[in-house]
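Presented below is the structure to which this report refers.
The values are calculated or read from the model by the stated rules, or taken from the named source; none is laboratory data. What you see is a predicted model, and the numbers here were worked out from it, not measured in a lab. All Cβ positions, even for glycine, are placed from backbone atoms using ideal geometry, and neighbour counts span all protein chains on display. For accessibility, only protein heavy atoms count, side chains too; no ligands or nucleic acids. Shrake-Rupley method; radii C 1.70, N 1.55, O 1.52, S 1.80 Å.
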Amino acid sequence: MDTKIYIDAGHGGYDNGATYNGRKEKDDNLKLALAVGDALRKKGIDTDFTREKDVYQSPSEKAQMANEGDADLFISFHRSSSPVPNTNGGVEAYVYDTGGINEQLAKNINANLEKIGFKNNGVRVNKNLTILKKTNMPAVLLDIGYVNTDQDNRDFDTKFDQIVNAISDAIIGVVDNEDQQQEEDTPDYAIQVGLFKNQANAASLIDDLQTEGYDAELEPMGGYYAVIIGRYSSIAAAEKEEEKIQNMGYETIVIER
């Protein structure tokens, strides 16, 4: 599976997001989004951005970009804020629903950030966020610390590379696991060339096919002996080779392994 990830830097342009002592959420979001995207690209993961500079896009526009870009995962970076400075802190993640790769990704990112010192405020369901509601693929919105909490800002600045690695490692781990799961769930195919009661007859056919250059094998099958050729990742590939074998005069069927 070639996973494509869309990364969104929340806010932008005239929309500063949360602010505190001259610090603007939109700037932190962009810095982190670009750094995580760069880390993913270095690992060979196809990554794109909703924005790469200080421009405004509505949440609906951001979701549409990811949808039209055929993204497999969507991650939106934000930072939180509290009514009174220095009263709250930590990281949290938002998903539209639970039980899928989005929830697992959110949990893994939070756990990795907790290891480097952030308070883990958990994963929350929010069905009202446009960026989660309108994306067609699994999506996560992340709040990476509080803009108006001094300790979170110190951690954001001094542990920036660790934050990038924590997030990118979590993403790569989930992508690799998804790829492995798909490989395990995907059947492969083989070409059956005959089914015999007599093992000697099956062995004779295997000799003939090996003379033709095929790596044929004997496989017991319900009291009979099947002669099997190949292991193909798609039925189309198996059928293409089957046609060649049929043209040599053999009767065949494609079977799922």
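Quick notes
- Of the residues A216, A170, the single one that is hydrophobic (A, V, I, L, M, F, W, C) and without any contact (Cβ under 8 Å) to a residue 24 or more places away in the chain is A216.
- The range 59-72, subset closer than 16 Å to K133 by Cβ and in contact (Cβ under 8 Å) with a residue 60 or more places away in the chain, residue most open to solvent (accessible area, probe 1.4 Å): Q64
- Applying the set (1) open to solvent by 60 Å² or more (accessible area, probe 1.4 Å); (2) within 16 Å of the chain's Cα centre (by Cα); (3) of a type outside the set (A, V, I, L, M, F, W, C) to D48 leaves exactly one unmet item: (1).
- Evaluating D97 against the criteria (1) at pLDDT 95 or above; (2) charged (D, E, K, R); (3) more than 19 Å from K4 (Cβ to Cβ) leaves one unmet condition, (1).
- So A139, is it buried (at least 19 other Cβ atoms within 10 Å of the Cβ) and at pLDDT below 95: no
- Which numbered condition S76 fails, given (1) surrounded by fewer than 20 Cβ atoms within 10 Å (Cβ to Cβ); (2) under 22 Å from the mean Cα position of the chain (by Cα); (3) within 22 Å of T50 (Cα to Cα): (1)
- The strands (runs of 3 or more DSSP E) falling completely within the range 77-161 that include 1 or more residues that are within 17 Å of G17 (Cα to Cα) and in contact (Cβ under 8 Å) with a residue 12 or more places away in the chain map to 91-95, 139-146.
- Being more than 17 Å from the chain's Cα centre (by Cα), over 19 Å from F160 (Cβ atoms) and crowded, with 21+ Cβ neighbours inside 10 Å is not true of T87.
- Candidates in the range 213-231 are the residues that are surrounded by 12 or more Cβ atoms within 10 Å (Cβ to Cβ) and farther than 13 Å from T252 by Cβ; of these, the one that is modelled with the lowest pLDDT is R231.
- Residue match in the range 185-204 (condition: part of a helix (DSSP H, G or I), acidic (D, E) and modelled with pLDDT under 90): yes
- Given (1) in contact with a strand residue (DSSP E or B) (Cβ under 7 Å, 6 or more places away or on another chain); (2) β-branched (V, I, T); (3) within 18 Å of V147 (Cα to Cα); (4) open to solvent by 70 Å² or more (accessible area, probe 1.4 Å), number of the condition T98 does not satisfy: (3)
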